[in-house]
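Below is one structure, written out as structure tokens, with a few remarks after it.
The values are calculated or read from the model by the stated rules, or taken from the named source; none is laboratory data. Since this is a predicted model, take the numbers as computed values, not measurements. Cβ placement follows ideal geometry from the backbone for every residue including glycine, while neighbour counts extend to all protein chains displayed.
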Amino acid sequence: MTACYRAFLFIIMNLDYVKNQRGLSFIEKGMKVENTYLNKTGVVKSGNSSGNLDILFDGEKKAQNCHPTWAMKYFDNNGNVIAEYGQ
């Protein structure tokens, strides 16, 4: 793997890339979320190469690829909804 390709992967998979590309500056690693379609809660682990979020849902061992503005709720540290996107 070339250094250029490694740099490209780092940029694409970085959470900041997702925040900037999707206009979602409030998203943070470890933030509590709910996927309302799946009816599951979890936390943001990272951004991914799809420009989406890797979410580790409660009780699961592997993070799942989730579109950040499709059927998602985002919560602050006090459990208040700070953003909500429908299906």
### Query
List, please: which pairs have Cβ atoms under 7 Å, are six or more places apart or on different chains, and start with a residue in region 18-36 that is farther than 14 Å from Cys66 by Cα and end with one that is surrounded by fewer than 15 Cβ atoms within 10 Å (Cβ to Cβ) and at pLDDT 95 or above?
Phe26/Ile82
### Task
Within region 15-50, work out how many residues are part of a helix (DSSP H, G or I) and either closer than 20 Å to Val81 by Cβ or touching a Gly at 6+ places or on another chain (Cβ under 7 Å) (or both).
6
### Message
Quick check on my filter: what residues within region 12-51 are touching a Cys at 6+ places or on another chain (Cβ under 9 Å) and either surrounded by fewer than 18 Cβ atoms within 10 Å (Cβ to Cβ) or among the hydroxyl-bearing types (Ser, Thr, Tyr) (or both)?
### Response
Leu38
